[in-house]
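Novice: Shown below is the structure under consideration.
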Amino acid sequence: MAYRLGVDVGGTFTDLLLLDQESSGFWRHKTPSTPHDSSVGILTGVDAICAEAGITPAEVEFFLHGTTVATNAVLEGKGARVGLVTSEGYRQIMQIARSFVPGGLAGWIVWPKPEPLAALEDTVEIAGRMDAQGNEVRPIDDADIRAALEALKAQGIEALTVSLINAYLNGAHELREAELAAEILPDVPLSLSHVVLPEMQEYERTLTTVANAAVRPIMSNYVRNLRTKLRDSGMAGSLSLLRSDGGLMSSEKAEEHPVSLLMSGPAGGVTGALWVGKNAGIRNILTLDVGGTSTDVALIENLEARRVRTTEVGHLAVRASALDVKTVGAGGGSIAYVPELTNALRVGPRSAGPCRGRLRTAKAASSRP
């Protein structure tokens, strides 16, 4: 018999659903997540649910996985330290952004501007330029690139982004940068803007590529480790991850393009609600998915989930197709604290996680008890 196993990893719990594709019988299991290594919680759940069904992992044909690992990394600010290489004159692109300040006319006074995923001190410029038609106006210089990469290496970056002006039309300069980066920073994962998002608008392309780089080390290690452990357990079936738009992608592709997984977990809740709605005859649905770390809300009209071109997680908005899910960093395990700057109670985005016996002091969560 062939079985299909769905696994949803949240910041607090890991949920599993095993389906017998021939008899339509199913089994459910819930186990605490293991944030230090999510694959540990998954393997614990896999062993338990397979034992309950009386099968071995080798009988699982499809392993379908929704995860909030990337989502929680962004919400809790735990992404990798990203080095950014830009064209000459564009070093402040992440700081200037779109010069948008939310709120009224005095919003700039009270609005705490989020820290960019790539800090200014980790951003370098290189000479060379492509025009608006993708023609080379000024060639790049290998010595200039090597100097920039050596500077980033000395900074201790954990991931590298290359986003050059008009690269979406001609990625030759970025490809040469990648060749040199492979020599100088061989162990640092690299994200190229013309690969991640081959579209115009320099800021959106740069931001999306930087976000991809920020979560790539975490997701790559996680997916690779999970795949290895599943294979060691005897599971030879396909391993697919749920994308933000509700589709599926292979685990190998997920390692290279994790920005498409930022809303993986929340997308699973919406697609599940669609299934329930179709079978229950309900066409208009408001979904509310409260986890331990975050809360997700989505609107389904006439059994059609809204889709957006921009994925929003907390204050981050990247150019990646996704179901229209609103996520906030407040869940059942969120930590309450009082920041010294505002002297007002805040809840989240830090979460206590799945450990029930550990108490966290207010000092560990903020600068003021």
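Novice: Can you find a residue that is of a type in the set (Gly, Ala, Ser), open to solvent by 50 Å² or more (accessible area, probe 1.4 Å) and free of Cβ contacts under 8 Å to residues at least 60 places away in the same chain anywhere in the stretch 122-136?
Specialist: yes
Novice: Let me ask something else. May I ask you to verify whether Gly83 is in contact with a strand residue (DSSP E or B) (Cβ under 7 Å, 6 or more places away or on another chain), surrounded by 12 or more Cβ atoms within 10 Å (Cβ to Cβ) and either more than 29 Å from Gly247 (Cβ to Cβ) or of a type outside the set (Lys, Arg) (or both)?
Specialist: Yes; evaluated as a whole, the condition is true for this residue.
Novice: Quick one: Leu117 ticks every box in (1) more than 27 Å from Gly329 (Cβ to Cβ); (2) among the aliphatic types (A, V, I, L, M); (3) part of a loop (DSSP other than H, G, I, E, B) bar one, so which box is it?
Specialist: Going through the list (1) more than 27 Å from Gly329 (Cβ to Cβ); (2) among the aliphatic types (A, V, I, L, M); (3) part of a loop (DSSP other than H, G, I, E, B), Leu117 breaks only (1).
Novice: Does any residue of the stretch 86-96 turn out to be within 23 Å of His315 (Cα to Cα), modelled with pLDDT under 95 and surrounded by 22 or more Cβ atoms within 10 Å (Cβ to Cβ)?
Specialist: Yes - at least one qualifying residue is present in the stretch 86-96.
Novice: Name every residue in the stretch 164-188 that is in contact with a strand residue (DSSP E or B) (Cβ under 9 Å, 6 or more places away or on another chain), part of a helix (DSSP H, G or I) and either open to solvent by less than 70 Å² (accessible area, probe 1.4 Å) or closer than 19 Å to Ala119 by Cα (or both), in order of residue number.
Specialist: Across the stretch 164-188, the qualifying residues are Ala172, His173, Glu174, Glu177, Ala178, Ala181, Ala182.
Novice: Looking at the stretch 269-281, is at least one residue open to solvent by 10 Å² or more (accessible area, probe 1.4 Å), touching a helix residue (DSSP H, G or I) at 6+ places or on another chain (Cβ under 8 Å) and either β-branched (Val, Ile, Thr) or modelled with pLDDT of 90 or more (or both)?
Specialist: The answer is no, given that none of the residues of the stretch 269-281 is open to solvent by 10 Å² or more (accessible area, probe 1.4 Å), touching a helix residue (DSSP H, G or I) at 6+ places or on another chain (Cβ under 8 Å) and either β-branched (Val, Ile, Thr) or modelled with pLDDT of 90 or more (or both).
Novice: Hey, another quick one. Only one of these is of a type outside the set (Lys, Arg), buried (at least 24 other Cβ atoms within 10 Å of the Cβ) and assigned to a loop (DSSP other than H, G, I, E, B): Ser260, Ser244, Ser191. Name it.
Specialist: The unique qualifying residue is Ser244.
Novice: Among the residues of the stretch 210-241 satisfying the criterion of being part of a helix (DSSP H, G or I), out of contact with any strand residue (DSSP E or B) (no Cβ under 6 Å at 6 or more places or on another chain) and among the polar types (S, T, N, Q), which is farthest from Ala159 (Cα to Cα)?
Specialist: Thr228
Novice: Give the stretch 291-307 a look and list any residue that's polar (S, T, N, Q) and open to solvent by 40 Å² or more (accessible area, probe 1.4 Å), or say none.
Specialist: The answer is Asn302, and nothing else.
Novice: Considering (1) small (Gly, Ala, Ser); (2) under 26 Å from Ser191 (Cβ atoms); (3) in contact with a helix residue (DSSP H, G or I) (Cβ under 7 Å, 6 or more places away or on another chain), say which one Ser33 fails and leave the rest.
Specialist: (2)
Novice: Quickly run through the stretch 308-341 and pick out the residues that are open to solvent by 20 Å² or more (accessible area, probe 1.4 Å), hydroxyl-bearing (Ser, Thr, Tyr) and under 19 Å from the mean Cα position of the chain (by Cα).
Specialist: If the condition is that a residue be open to solvent by 20 Å² or more (accessible area, probe 1.4 Å), hydroxyl-bearing (Ser, Thr, Tyr) and under 19 Å from the mean Cα position of the chain (by Cα), then Thr310, Ser321 are the ones that fit.
Novice: Follow-up question, since we're still on this one. Could you list, in sequence order, the residues of the stretch 252-296 that are under 25 Å from Thr228 (Cβ atoms) and touching a residue at least 60 places away in the same chain (Cβ under 8 Å)?
Specialist: Selection gives His257, Pro258, Val259, Ser260, Leu261, Leu262, Ser264, Gly265, Gly268.
Novice: Evaluate the stretch 21-31: report whether one residue or more is within 15 Å of Arg4 (Cβ to Cβ) and within 27 Å of the chain's Cα centre (by Cα).
Specialist: Yes; the residues of the stretch 21-31 include at least one that is within 15 Å of Arg4 (Cβ to Cβ) and within 27 Å of the chain's Cα centre (by Cα).
Novice: Another one. Among what's in the stretch 8-33 and is in contact with a strand residue (DSSP E or B) (Cβ under 8 Å, 6 or more places away or on another chain) and not in a strand (DSSP E or B), pick the residue that is most open to solvent (accessible area, probe 1.4 Å).
Specialist: Out of the qualifying residues, it is Gln21.
Novice: For the stretch 23-54, give me each residue that is β-branched (Val, Ile, Thr) and closer than 16 Å to Arg231 by Cα.
Specialist: Result: Val40, Ile42, Thr44, Val46.
Novice: Applying the selection to the stretch 42-63, what residues are assigned to a helix (DSSP H, G or I) and either open to solvent by 60 Å² or more (accessible area, probe 1.4 Å) or in contact (Cβ under 8 Å) with a residue 60 or more places away in the chain (or both)?
Specialist: Listed by number, the residues that qualify are Ile42, Leu43, Thr44, Val46, Asp47, Ala51, Glu52, Pro57, Ala58, Glu59.
Novice: If I filter the stretch 149-163 down to residues being open to solvent by 10 Å² or more (accessible area, probe 1.4 Å) and under 18 Å from Thr206 (Cα atoms), which single residue comes out as farthest from the chain's Cα centre (by Cα)?
Specialist: Applying the filter and picking the extreme gives Ile157.
The values are calculated or read from the model by the stated rules, or taken from the named source; none is laboratory data. Nothing here was measured: the structure is a model prediction, and the numbers come from that model. Glycine also receives a Cβ, built like all others from the backbone with ideal geometry; neighbour counts cover every protein chain displayed. Protein only, heavy atoms only, side chains kept; ligands, DNA and RNA dropped before computing areas. Shrake-Rupley method; radii C 1.70, N 1.55, O 1.52, S 1.80 Å.
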